[in-house]
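Notes to accompany the following structure.
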Amino acid sequence: MSQVKQYSALVLGTFIEALCFTLLQSPNQLASGGTTGAALVLSPILQISSVTILWAITFILLFSSFFFLGAQAILKSIIGSLLVPFFVYLTKGLPPLTHDPLLASIYSGLGLGIGLSLIFRSGGNTGGFTVISQILHTKMNIKYSVSIIFMDATVLISGAFIFSTEKALYALIGSLITRITMEFIQAKAKHANKIVYVISSIEFEDKISTTILNDLHKGLTKVSGYGGYTHNERMIMMTVISLPMVNKLKSIVQEIDPQSFVIVCDTNEVFGEGFSLPVPSRSKRLIAN
């Protein structure tokens, strides 16, 4: 993923997260967890706008990250941390999409799942409770998952007391939909495979194939061919790799042979050694049983 695509995905993901908060969660009082949920819960208690509280929480967590974890950690989360409250501030005047809490929980859950998947795919994060979990893990050896679940549960329970039990249950639905959406997107990305054809000169063939085998740990098939215009001998290398590895392969090939051709094709199904095996037909399963 190029730098431009990474930052574009980070900006788009944080913008979607902010829209979900402004248009769906905030007007329906759905505190489903995270710093946005905490800001929503604290707003009626402190009599301060949730946007202001979100800014305050963000800066407190960034300072804590710098103090406890060092400058390296703050650089990884500062952009995403600041973009969320910034976009919430920009969109705060927009009218809500619905006042039905069930619809709000469903669509905010879907939106947050998509937004967070884009953010994580870009290699970024939004700070928030992640920072606290990092601090607790570093200082007290508490697992990340345990601390995040505990903090999200605290927000949900607090929402039940501040707003209503019914609103908390709707918020829980949204939180579950977010998790399911993220897992679905990540599973699709993980199992999405591409056929890649690399057409290169004979002199670079060995270096390219060795790099694919050793650096990407992927097998390949070689076919000898000739250029239709030049009539020079060319080597065609075919491999099947996961979607996240495509850009790395293109960079490798471009660095070794700038004159090469790389063709990337979609696959419907791949099975065999190194990939998932085909599901046996019903008749074969009956015979096996």
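Laboratory data are not the source of any read-out in this text; all were calculated from the coordinates shown. From a predicted model like this one, the values you see are computed outputs, not experimental measurements. Note that each Cβ is placed from the backbone with ideal geometry, even for glycine, and that neighbours are counted across all protein chains shown.
In plain terms, the residue of 89, 226 with the fewest other Cβ atoms within 10 Å comes first and the most crowded comes last, giving 226, 89. Counting beta carbons within 10 Å around each of 77, 147 and listing the fewest first gives the order 147, 77.
Amide H contacts under 5 Å for residue 234: 225, 226, 227, restricted to partners 5 or more places along the chain or on a different chain, H placed in the peptide plane at 1.01 Å from N. Under a model in which nothing but the beta-carbon of Lys, Arg (+1) and Asp, Glu (-1) is charged, segment 193-266 shows a dipole of about 220 debye around its Cα centre. Remark: 67, 87 ranked as 67, 87, counting other beta-carbon atoms within 10 Å and listing the fewest first. The long axis of helix 71-91 is offset from the longest Cα principal axis of the chain by roughly 60 degrees. Look at where the Cα atoms of segment 198-252 and of segment 11-67 average out, and the two centres are 48 Å apart. Per residue of the chain, the DSSP helices (runs of n ≥ 4 H) give a summed -39500 (n - 2.57) that works out to -21000 deg cm²/dmol at 222 nm. The residue among 103, 202, 122 whose Cα reaches farthest toward the positive pole of the charge dipole of the chain, with charges on the beta-carbon of Lys, Arg, Asp and Glu, is 103. Remark: for residue pairs 5/218; 5/92; 5/248; 92/167; 207/248, the C-alpha separation exceeds 18 Å in 5/218; 5/92; 92/167.
Which value does Rg/Rh take for segment 3-190 over its C-alpha atoms, Rh per Kirkwood?
So for segment 3-190, dividing Rg by the Kirkwood Rh gives 0.95.
Placing +1 on the Cβ of every Lys and Arg and -1 on the Cβ of every Asp and Glu, with nothing else charged, gives the chain a dipole about its Cα centre of roughly 400 debye. Whole-Hz Karplus values for segment 221-235 come out as 10, 10, 10, 7, x, 10, x, x, 9, 7, 6, 7, 5, 10, 10 Hz, taken residue by residue from phi with 6.51 cos²θ - 1.76 cosθ + 1.60 and θ = phi - 60°; glycine and proline positions read x. Convex hull volume of the C-alpha atoms in segment 159-231, normalised per residue: 156 Å³.
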